[in-house]
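A short worksheet on the structure shown next.
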Amino acid sequence: MTERTLPGTPLSDEDMQQGKVLTLNWPASLRYEWDTGVAIGRFLRELKNGRIIGRSCHRCQRVLIPPRMFCERCFRPTDAWQFVQDSGSVNTYSLSHLRWDASRVEEPILVAVIEIDGSSQGGLLHYLGDVRPEEIHIGMKVKAVWKPAEEREGSILDIRHFRPIDTAQDGPA
Amino acid sequence: MRKVAVVGAGLTRFMRRAQETGPELAWLAASQALESCGLGLKDVDSVAIGTAPDAFDGVHMKGEYLAPGAGGWGRPVTRPYAGGGTGVLVPIHAWFNVASGLFDVCLVVAEEKMSTCHPHPQGAFVTIFDNILERPLEPNLIWIFALEMQRYMDTYGITKEEIALVSVKNKRNGLDHPSTHVAEEITVKDVMESEVMVSPVNRLDVSPVSDGAAAIVLVSEDVARRISDNPVWIDGIGWNLDTAYWTNRDLAYPSYVERAARMAYKMAGITEPRKQINVVEPYDPFSYKELHHLEGLLLCDKGQAAKITADGVTQRNGDMPVSPSGGLLGVGNPIAAAGLMKVAEIFWQLRGEAGRRQVPGQPKVGLAQAWGDLMQVGTVVVMRVD
């Protein structure tokens, strides 16, 4: 099972352009409307209010971001809603030259997992902004930049991005 | 429970785009696997099929769709699923079929055809992200790899150049694999100068999208002794799922892979994996993942996989050959089929049938591992020859 030629017929771009094989196209056209649920529904409502809210589990003492109505470790209901800060630190980051569909972008999209202050290692995937890419580092303190209240609609995008904390403007981190 | 052996294997070429349909690819691999051990469809008691997200094909019920080509007609057929971990979860599932005593012969078939989704299968991958909190950010699958790689590099002080050595090794190893469509001689410089996709991931750090299929045959001890002179025993299986809240996890270390490995080691009686395992096929969809997984598999200390790679330990002629097949980076990555290809490679390596890919020293014990879902599942098999 090493030297023999294995079965399978590779097609090249030329084969496709010259119509050597027949293909059939079917554009998927589906729409979904997701219910946001009890926990994330409230979370999104609070984003609209310009606040980040988690759920706490009194048994394992965690404050969960994203919030859930159950604790997956203790396997019991979580106990209370708890507001956390709209600041945090960069757990990890990346500069994406690709859009979601693998097409290229000119300016890299700055992506990070943000550990939200006041939560128990609660992270959110989000963008970084108002920062030079080379300045980004793990552990960097950041703060949410919110859309104006009238533009917020109860979406993760109500936070435009997270920006580095400016101690002159924001006070000590 | 009964002992279970692998007695046959088959593969198609891995291709950027195959003329064959999914069921046709499944047939090419499945029929070859049966032929390799002198069995026919009449001998098959059950069938386990592995294939990753339906969205690639735009075909619902992919297990049922593939079944006619996979030997599934009129038989107990199941399709276990764990995203990218599927290729090694399917033989684990097949192991239950045989070890339980329910069946004597289980045909295991994995197929993937990623070329169908246009303009790019990344458009289908977006659906794995949390639909409410993450998809509005329009994430790309490579984001999570880049984020994990950055955290891994930062935690242990590992450089991109050190990680690039994995691509160099695996793409070279792949030159000896008859299924490959991406093998080449490259240098660390080539990797570093290839297109930056999602920093710190460059193009040559990434396995390709591929079409292809793989199959193996699992049998009970009685059947194995009757039809095979050199069965390869599945001594241990393990799998483990971490939380889907991936942004809450420690991305520097795959603890779920460790839990899967410990489960398999316990079952196989492996107490010192670094000494007892002779050849390894860890999942390598991205260059750093091979390193990440060697650490999770307890085959080196945390943060030390780059060092043993630089020292040549993981070369085919090294003390612990890793991805002698060429892996996903060097052969191709038709997701579920790529994982099962790794199991097939251990089968051939332990039988001394890997030809130009054969590692020296007559390895007795090997390990194959896959990984996937939302960076959260590890699937492990430990195999042995007498």
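Scan segment A:116-127 for residues that are touching a residue at least 60 places away in the same chain (Cβ under 8 Å) and either among the acidic types (Asp, Glu) or out of contact with any helix residue (DSSP H, G or I) (no Cβ under 8 Å at 6 or more places or on another chain) (or both) and jot them down.
A:Ile116, A:Gly118, A:Ser119
The number of residues in segment B:22-75 that are part of a helix (DSSP H, G or I) and under 20 Å from A:Pro10 (Cα atoms) comes to 14. Within segment A:103-115, the set of residues being over 10 Å from B:Val198 (Cα atoms) and either small (Gly, Ala, Ser) or in contact with a helix residue (DSSP H, G or I) (Cβ under 7 Å, 6 or more places away or on another chain) (or both) comprises A:Ser103, A:Ala112, A:Val113. Which one of the conditions (1) hydrophobic (A, V, I, L, M, F, W, C); (2) crowded, with 19+ Cβ neighbours inside 10 Å; (3) touching a helix residue (DSSP H, G or I) at 6+ places or on another chain (Cβ under 6 Å); (4) without any contact (Cβ under 8 Å) to a residue 40 or more places away in the chain does A:Ile156 fail to meet, given that it meets all the rest? Condition (4) is where A:Ile156 drops out. Among the residues of segment A:1-41, write down those that are within 12 Å of another protein chain (Cβ to nearest Cβ), assigned to a helix (DSSP H, G or I) and surrounded by 10 or more Cβ atoms within 10 Å (Cβ to Cβ). Once the filter is applied, which keeps residues that are within 12 Å of another protein chain (Cβ to nearest Cβ), assigned to a helix (DSSP H, G or I) and surrounded by 10 or more Cβ atoms within 10 Å (Cβ to Cβ), segment A:1-41 yields A:Asp15, A:Met16, A:Ala39, A:Ile40, A:Gly41.
Checking the structure you have, find out if any residue of segment B:122-137 is basic (Lys, Arg), touching a Leu at 6+ places or on another chain (Cβ under 8 Å) and not in a loop (DSSP other than H, G, I, E, B). No, segment B:122-137 contains no residue that is basic (Lys, Arg), touching a Leu at 6+ places or on another chain (Cβ under 8 Å) and not in a loop (DSSP other than H, G, I, E, B). For residues that are more than 21 Å from B:Pro282 (Cα to Cα) and part of a helix (DSSP H, G or I), scanning just segment B:145-187, find the one that is nearest to the other protein chains (Cβ to nearest Cβ). Per the criteria, the residue is B:Asp154.
Please verify whether segment A:76-86 includes one or more residues that are more than 8 Å from chain B (Cβ to nearest Cβ), surrounded by 16 or more Cβ atoms within 10 Å (Cβ to Cβ), touching a Pro at 6+ places or on another chain (Cβ under 6 Å) and not aromatic (Phe, Trp, Tyr).
Within segment A:76-86, not a single residue is more than 8 Å from chain B (Cβ to nearest Cβ), surrounded by 16 or more Cβ atoms within 10 Å (Cβ to Cβ), touching a Pro at 6+ places or on another chain (Cβ under 6 Å) and not aromatic (Phe, Trp, Tyr).
For segment B:188-209, residues that are at the interface with chain A (Cβ under 10 Å from one of its Cβ atoms) and part of a loop (DSSP other than H, G, I, E, B) total 3.
Throughout, read-outs are computed from the coordinates displayed, never taken from laboratory work. Note that this is a predicted model, so its numbers are computed, not measured. Cβ: placed from backbone, ideal geometry, glycine included. Neighbour counts: every protein chain shown.
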